[in-house]
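**Q** Supplied in structure tokens, the structure appears directly below.
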Amino acid sequence: MSAATSHAASTSHAVVEPAESPLTPESWGKLGMWIFLAGDAVGFGTLLAAYGGMRATSADWPSPYDVLGINLTAAMTFLLICSSVTMVKALEWLGKGDRSKAKMFLLFTALGGAIFVGCQAFEWTKLIREGLHINGITGHALELAKGHGATLFGTSFFIITGFHGLHVTAGVIYLLSVVGVVSRRPDPAASYNVVEIVGLYWHFVDLVWIMVFTFMYLL
Amino acid sequence: MAGEHKHPNYMLIFYWLAILTVGEIGVVFLPHYIAMSKVTVGVFLCAFAIVKAALVAMYFMHLKFETRTLALIAVTPLTIATLLVFVILPDAFFVDHKTANLEPAAEAPAKH
């Protein structure tokens, strides 16, 4: 922020642009993350709306519960909610000035995300072996679907959960890199914004999963 | 500076999220025990999901404590997605070309 202020002072314009973000006075990065998330939410929103449209226009859509099952996914949902809690705890400890506790909770959060992606890999492998593919339903999966073999069911399932899984994977890498930032900056206040911004991303990924879990598994 | 930040009761939010998740799974299994239409289940599930998403956004993402314009930016995608549903819906309910209806038509020319 000080660099931005000195830059603004060195320019000779009569009207100097504000060095502070008008919506998020504490950091420009936070505004940037919110705008990125709004764009990303349009992506997920469009995918889910398209899913609803394809399902409503198909007379052969299987009941997702029959094919996918919800036991593992319910546990994964709970895990992601827990990782959101460790994320807020990390920020809370950093606010109190305890860097090592903040780092520990950031690592817990990353671990939660890694386990989530691992469970998803297991789930995908199981479903693909049963016959649910990106281009249709065959074999045992078709029996589970009671013969309802809408091709787009597999397509939309793998694309939407895959797009979300990619976000979780990116989030784990992002979280680990933020652990590095907290380690390098001796002053806890210096990395507070960075941790809050990674938190925004992580909670967003959790929020999207709440929607995906409801619309693709439960409904 | 860091000490000035207000923190909501995160554990309380976590308990609510956990309770609502259990509620969602409960609603899925309820039709086995009491008479409940698919629409009712759907409405309950959507309501639970929206409340959960709102809790995460408002408290975990601190949207409740941000400026109103930022909240508007955050809500815009939801508005767009909702509008998109209404754009797609007519195709599902008012146009007679569900995949099942197409099948006999596709078979008919083959008999010639």
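The values are calculated or read from the model by the stated rules, or taken from the named source; none is laboratory data. Remember, it's a predicted structure, so these values are computed and weren't measured experimentally. Don't worry about glycine lacking a Cβ; one is built from the backbone with ideal geometry, like all the others, and counts go over all protein chains shown.
Okay, residues lined up against (1) within 14 Å of chain B (Cβ to nearest Cβ); (2) buried (at least 21 other Cβ atoms within 10 Å of the Cβ); (3) at pLDDT below 95:
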| position | (1), (2), (3) |
| --- | --- |
| A:LEU127 | no, yes, yes |
| A:LEU142 | no, no, yes |
| A:PHE153 | yes, yes, yes |
| A:ILE159 | no, no, no |
| A:THR169 | no, no, no |
| A:LEU176 | no, no, no |
| A:ARG185 | yes, no, yes |
| A:PRO188 | yes, no, yes |
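**Q** Could you tell me how many of the residues in the range B:17-43 are within 19 Å of A:ALA56 (Cβ to Cβ) and more than 7 Å from chain A (Cβ to nearest Cβ)?
**A** Result for the range B:17-43: 6.
**Q** Also: Quick check on this structure: which one of A:SER100, A:SER58, A:SER63 is more than 23 Å from A:ILE160 (Cβ to Cβ), surrounded by fewer than 19 Cβ atoms within 10 Å (Cβ to Cβ) and hydroxyl-bearing (Ser, Thr, Tyr)?
**A** Matching residue, one of A:SER100, A:SER58, A:SER63: A:SER100.
**Q** Could you please let me know if A:ALA59 is out of contact with any Phe, Trp or Tyr (no Cβ under 9 Å at 6 or more places or on another chain) and either under 30 Å from A:LYS146 (Cβ atoms) or outside any helix (DSSP H, G or I) (or both)?
**A** So A:ALA59 passes the test.
**Q** Can I ask one more? In the range A:28-41, what residues are facing chain B (nearest Cβ under 9 Å) and either exposed (fewer than 15 other Cβ atoms within 10 Å of the Cβ) or in a loop (DSSP other than H, G, I, E, B) (or both)?
**A** If the condition is that a residue be facing chain B (nearest Cβ under 9 Å) and either exposed (fewer than 15 other Cβ atoms within 10 Å of the Cβ) or in a loop (DSSP other than H, G, I, E, B) (or both), then A:ILE35, A:GLY39 are the ones that fit.
**Q** Here's something else I'd like to know. Quick one: which helices (runs of 4 or more DSSP H) sit completely within the range A:80-197 and have at least 3 residues that are out of contact with any Gly (no Cβ under 8 Å at 6 or more places or on another chain)?
**A** A:99-130, A:151-184
**Q** Being among the aliphatic types (A, V, I, L, M) and either more than 14 Å from A:LEU23 (Cβ to Cβ) or within 7 Å of another protein chain (Cβ to nearest Cβ) (or both) is the filter; apply it to the range B:59-74 and report the residue that is surrounded by the most Cβ atoms within 10 Å (Cβ to Cβ).
**A** Among those that are among the aliphatic types (A, V, I, L, M) and either more than 14 Å from A:LEU23 (Cβ to Cβ) or within 7 Å of another protein chain (Cβ to nearest Cβ) (or both), it is B:MET61.
**Q** Looking at this structure, is B:THR21 among the polar types (S, T, N, Q) and either closer than 19 Å to A:SER83 by Cβ or in the same structural domain as B:THR79 (by TED's automatic domain parsing) (or both)?
**A** Spelling it out, B:THR21 is indeed among the polar types (S, T, N, Q) and either closer than 19 Å to A:SER83 by Cβ or in the same structural domain as B:THR79 (by TED's automatic domain parsing) (or both).
**Q** Is the range A:42-63 home to any residue that is more than 11 Å from chain B (Cβ to nearest Cβ) and over 20 Å from A:ARG185 (Cα atoms)?
**A** yes
**Q** Which pairs turn up if I take residues in the range B:64-92 that are under 15 Å from A:ILE35 (Cβ atoms) and look for partners that are among the hydrophobic types (A, V, I, L, M, F, W, C) and in a loop (DSSP other than H, G, I, E, B) with beta carbon separation below 7 Å, at least 6 apart in sequence or on another chain?
**A** If the second residue must be among the hydrophobic types (A, V, I, L, M, F, W, C) and in a loop (DSSP other than H, G, I, E, B), the pairs left are B:THR67/A:LEU23; B:THR69/A:LEU23; B:LEU70/A:LEU23.
**Q** Filter the range A:198-214 down to the residues that are of a type in the set (Phe, Trp, Tyr) and out of contact with any Gly (no Cβ under 7 Å at 6 or more places or on another chain) and list them by number.
**A** A:PHE204, A:TRP209, A:PHE213
**Q** Could you check, for the range B:100-111, whether at least one of its residues is in contact with a Leu (Cβ under 7 Å, 6 or more places away or on another chain), over 24 Å from A:ALA50 (Cβ atoms) and either at pLDDT below 85 or facing chain A (nearest Cβ under 7 Å) (or both)?
**A** No: zero hits.
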